[in-house]
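Engineer: The structure that follows is given in the form of structure tokens.
Bear in mind that the values in this text are calculations on the coordinates, not laboratory data. All values derive from a computational prediction rather than experimental measurement. Note that each Cβ is placed from the backbone with ideal geometry, even for glycine, and that neighbours are counted across all protein chains shown.
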Amino acid sequence: MIKLFPNYASEMKLVSFNLKEGKADSPFDAETRFVPSSNGGYDVFVNTSDFKWYQNAARTIASLGCFSIRLSSEVKLSPNEFYWFVTALYDGIHDISIEYDLAAEELSKVESMANLVSKFRAIADTDSKISTPTSIVKALFEEIESAASECGAKASLTLIKRGDKDFENCIGLKAVGLASDEDPCMGIIDVIPSNLDENAPLDVAMVGKGITFDTGGYSLKPEKFMETMRTDKTAVIYLSGALCLALKLGLKKRCRLYLCCSENMVSGRGMLPGDIIKYPNDISVEINNTDAEGRLVLADGLLKASNDNPAFILDMATLTGAAKVAVGRDMFSVLTRDTILDEKLKSSFDECGEMYWQLPLAPYHRRFLSSRRATVTNSGHGEGAPGSSVAASFLEQFVKKDIPWVHIDLSSAYLPDGSPFLAAGPSGSTILGLATWLCAR
């Protein structure tokens, strides 16, 4: 739980921290990050020209084991900077209490946003035995339904799972979920704000990958790459978090989530390399890598979303290791068939301080998916295949050409070892930026 207070409004015992420009005086080494102060607290030395210096300062404070603090700063933090400071202090273990000199209304807004994002960071870290495909969809719908009811909006869930008639068209989910005892499913969550009626046009369709555990299938992952695969469901969680936050911030247009959820397991009935599957749009796919399963389930969601004719489609997934190699874990990758990123999306990310980079997507990337036996393979091959771009090229085939579309490769979903900006664990990346974008449309 995160609690924020105006200066000297808390009755708790707090440790004072002052964020101070410059360096420590002798006898401390000049590179010392903090020293005891005369008021019994600490001076934390910062360089405000450094990138996200306020998050770095929060991680320094967390390293001292202090999570109940009275904060002051020589350079006053904006509400957005303070939000990121609080987010950086969060570690999923400790409650956080902070006094800071911001207006009560601003503190309340930051507290609400930080608690919501922290809740979804915690959900992303849950055990795969708890967060099965159907249970995670139902849990996320409960969060969205609760947020919708608070502001008079309507939320509904359609759950399509193995055994249902409509599931026969979920070709990717059927293939990926073959080996699992848990039912693969697609959860479609429709949200209509209070200012709209039930026939309002669909503005944004958001499609997410929710692999609740990923062994890699028969293209089995090495042990060290499998141990964090409970977080391969992160995209559906962050998209749901963004929609919840957008509702609280004043969403005005209809949005719909397509949560494509499955386990990717190994068994005698599982998907095999060399299998061919065929989607309803007549694209056949040769499976050349069972660990490239995310794009197979996303294809189901993208086809469904395209048929619903929204004004915009955004999909998000922890899709490729190549994205982590390209941009690291501190930022996420954005790809679109348009050279210029949607201006409102870009400005929302920039305004909120989300860390991202646009990677290329060109028609020639399709050549790395060539197949002798099918329309395409599901994974890139050939010398110099750029993994993130090739994966996006696969997805593009399932989106109608006249619908604006953006793909996010969520390389920043999870930090195994933490960073100068965030604690180890799920990051909450994209939630604030996407919520801001949804409200700006």
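Engineer: Once both labels are modelled 7 Å past Cα along the beta-carbon direction, what's the ARG269-SER49 spacing in nm?
Structural biologist: Taking the simple label geometry, ARG269 and SER49 are separated by 6.4 nm.
Engineer: Under 19 Å Cα to Cα from LYS23, which aspartates and glutamates show up? Leave out anything in the same chain fewer than 8 places away.
Structural biologist: Correct list for LYS23: GLU31, ASP43, ASP50, GLU74.
Engineer: A follow-up question, please. Dipole magnitude of segment 312-372 about its Cα centre, charges +1 at Lys/Arg Cβ and -1 at Asp/Glu Cβ only, in debye to the nearest 20?
Structural biologist: On the way: 8 positive and 8 negative charges, 114 e Å.
For segment 312-372, the charge dipole is close to 540 debye.
Engineer: Would you list VAL376, VAL176, VAL75 from fewest to most Cβ contacts within 10 Å? Don't jump to the answer; show the numbers that get you there.
Structural biologist: Working: VAL376 20, VAL176 30, VAL75 13.
Neighbour counts put them in this order, fewest first: VAL75, VAL376, VAL176.
Engineer: Still on this structure: Suppose a student asked you for the relative contact order of segment 290-366, using Cα pairs under 8 Å spaced at least 6 residues apart; what percent would you report? Each step should come with its number before you reach the end.
Structural biologist: Values: 41 pairs, mean separation 20.9, N = 77.
Normalised by residue count, the contact order of segment 290-366 is 27 percent.
Engineer: Give, rounded to the nearest 20 debye, the magnitude of the charge dipole that the chain has about its Cα centre when Lys and Arg contribute +1 at Cβ and Asp and Glu contribute -1 at Cβ. Numbers along the way, then the final one.
Structural biologist: Details: 45 positive and 57 negative charges, 173 e Å.
I would put it at about 840 debye.
Engineer: Within straight cross-link reach of LYS161, meaning Cα distance under 12 Å, which aspartates and glutamates are found once same-chain residues fewer than 8 apart are removed?
Structural biologist: Answer for LYS161, where 12 Å is the Cα cut-off: GLU182, ASP183, listed by chain and number.
Engineer: Mind checking which of LEU438, GLY187, ILE136 is farthest towards the positive end of the chain's charge dipole, using Cβ charges of +1 (Lys, Arg) and -1 (Asp, Glu) about the Cα centre?
Structural biologist: GLY187
Engineer: Using only alpha carbon pairs under 8 Å that are at least six residues apart, calculate the relative contact order of segment 319-441 and give it in whole percent. Write out the running numbers ahead of the final one.
Structural biologist: Details: 182 pairs, mean separation 46.2, N = 123.
Once normalised by length, the contact order is 38 percent.
Engineer: Direction-averaged shadow area of the convex hull around the Cα atoms of segment 178-235, nm²?
Structural biologist: Working: hull surface 24.0 nm².
Projected over every direction and averaged, the Cα hull of segment 178-235 covers 6.0 nm².
Engineer: Continuing with this model, one more query. Which order do the peptides 405-412, 321-328, 252-259 come out in when sorted by mean C-beta neighbours inside 10 angstrom, highest first?
Structural biologist: Numbers: 405-412: 27.1, 321-328: 17.8, 252-259: 23.8.
Put in order of decreasing packing, that is 405-412, 252-259, 321-328.
Engineer: How much mean residue ellipticity at 222 nm does the chain get from its helices, if each DSSP H run of length 4 or more adds -39500 (n - 2.57) and you divide by all residues, to the nearest 500 deg cm²/dmol?
Structural biologist: On the way: 12 runs with 138 residues, N = 441.
For the chain, the value works out to -9500 deg cm²/dmol.
Engineer: Taking 0.36 nm per residue of separation and subtracting the Cα-Cα distance, what length does fully extending MET12 through TYR364 add? Show your work: numbers first, answer last.
Structural biologist: Working: separation 352, 0.36 × 352 = 126.72 nm, distance 6.09 nm.
The MET12-TYR364 span can extend by a further 120.6 nm.
Engineer: Roughly how many nanometres apart are two label points built 7 Å out from the Cα toward the Cβ at ASP417 and ASP166?
Structural biologist: The two pseudo-label positions are separated by 4.5 nm.
Engineer: Can you find, among GLN397, GLY384, ALA104, the residue farthest towards the positive end of the dipole of the chain? Put +1 on the C-beta of Lys and Arg, -1 on that of Asp and Glu.
Structural biologist: My answer, from the dipole projection, is GLN397.
Engineer: Pairs LYS109/LYS154; LYS221/LYS324; LYS119/LYS252; LYS76/LYS253; LYS209/LYS344: which are spaced more than 27 Å apart, C-alpha to C-alpha? Kindly include the intermediate steps, with their values, before the conclusion.
Structural biologist: Working: LYS109/LYS154 23 Å; LYS221/LYS324 16 Å; LYS119/LYS252 24 Å; LYS76/LYS253 35 Å; LYS209/LYS344 24 Å.
With Cα atoms farther than 27 Å apart: LYS76/LYS253.
Engineer: Compute the separation of the alpha-carbon centres of segment 366-412 and segment 290-352 and state it in Å as a whole number.
Structural biologist: That distance is 12 Å.
Engineer: With r as the distance between the Cβ atoms of LEU220 and ARG373 and R0 = 22 Å, compute the FRET efficiency 1/(1 + (r/R0)^6) and round to 0.05.
Structural biologist: Numbers: r = 23 Å, r/R0 = 1.05.
The calculated FRET efficiency here is 0.40.
Engineer: Okay, moving on. So for segment 2-102, averaging the separation of alpha carbon pairs under 8 Å that are six or more residues apart and normalising by length, what relative contact order in percent results? Walk me through the intermediate numbers first.
Structural biologist: Values: 165 pairs, mean separation 37.7, N = 101.
Rounded, it is 37 percent for segment 2-102.
Engineer: With just the Cα atoms defining each centre, how far is segment 173-189 from segment 75-124? Give it in Å.
Structural biologist: Their Cα centres are 36 Å away from one another.
Engineer: May I ask you to work out the translational diffusion coefficient for segment 2-102 at 37 °C, viscosity 0.692 mPa s, via Stokes-Einstein with Rh from the Kirkwood sum over Cα pairs, reported in whole µm²/s?
Structural biologist: 239 µm²/s
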